[in-house]
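Please read the structure below before turning to the comments.
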């Protein structure tokens, strides 16, 4: 039988400071990490308060960083980013705040570039199947359906 190492509150604080310093984290990830370290609820609360007071944990900063990264690197649309942030229990206020990081110009430029790039990669010859493949791809990435269907009609008349 294997025993899991137990941590003092101070050791756990240091470990979570490193965890949060490595990349932005949300409360849900930090709580899960503390749970994985077998910390009791009182200790988890003390550590989370410490991380917030010392600015290791900041939901608004997390949501902005997350939205910027997923948009710029993975080319996700606002629907997908919103869904993922809600899954992480991020407040509506912080989600709205995160979208201020993405300008409308950048958003539409990225959308158009992604749609055209994907269209050139689709080898389907049937016009309707080609439309469906392009639309499914863009919807999966979280782009708004009105944008997607307008773009699909424009690119594949």
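Name the single residue that is farthest from residue 66 (Cα to Cα) among those in the stretch 9-52 being assigned to a loop (DSSP other than H, G, I, E, B) and out of contact with any helix residue (DSSP H, G or I) (no Cβ under 9 Å at 6 or more places or on another chain).
Of the stretch 9-52, the ones assigned to a loop (DSSP other than H, G, I, E, B) are 23-26, 37-40.
Among the residues that remain, those that are also out of contact with any helix residue (DSSP H, G or I) (no Cβ under 9 Å at 6 or more places or on another chain) are: 38, 40.
Numbers: 38: 27, 40: 29 Å.
So the residue we want is 40.
Yes or no, residue by residue, for (1) touching a residue at least 24 places away in the same chain (Cβ under 8 Å); (2) exposed (fewer than 11 other Cβ atoms within 10 Å of the Cβ); (3) in contact with a strand residue (DSSP E or B) (Cβ under 6 Å, 6 or more places away or on another chain):
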residue: 9; (1), (2), (3): yes, no, no
residue: 15; (1), (2), (3): no, no, no
residue: 32; (1), (2), (3): no, no, no
residue: 35; (1), (2), (3): no, no, no
residue: 43; (1), (2), (3): yes, no, no
residue: 47; (1), (2), (3): yes, no, no
residue: 53; (1), (2), (3): no, yes, no
residue: 59; (1), (2), (3): yes, no, no
Consider residue 151 carefully, then state whether it is farther than 30 Å from residue 61 by Cα, modelled with pLDDT of 90 or more and in contact with a helix residue (DSSP H, G or I) (Cβ under 6 Å, 6 or more places away or on another chain). yes
Determine, yes or no, whether residue 85 is in a helix (DSSP H, G or I) and more than 30 Å from residue 15 (Cα to Cα). no
Quick check on my filter: what residues within the stretch 61-81 are more than 11 Å from residue 98 (Cα to Cα), touching a helix residue (DSSP H, G or I) at 6+ places or on another chain (Cβ under 6 Å) and surrounded by 19 or more Cβ atoms within 10 Å (Cβ to Cβ)? 70, 76
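The values are calculated or read from the model by the stated rules, or taken from the named source; none is laboratory data. Please read all numbers here as calculations on a predicted model, not as lab measurements. We place every Cβ from the backbone using ideal geometry, glycine too, and count neighbours over all the protein chains shown.
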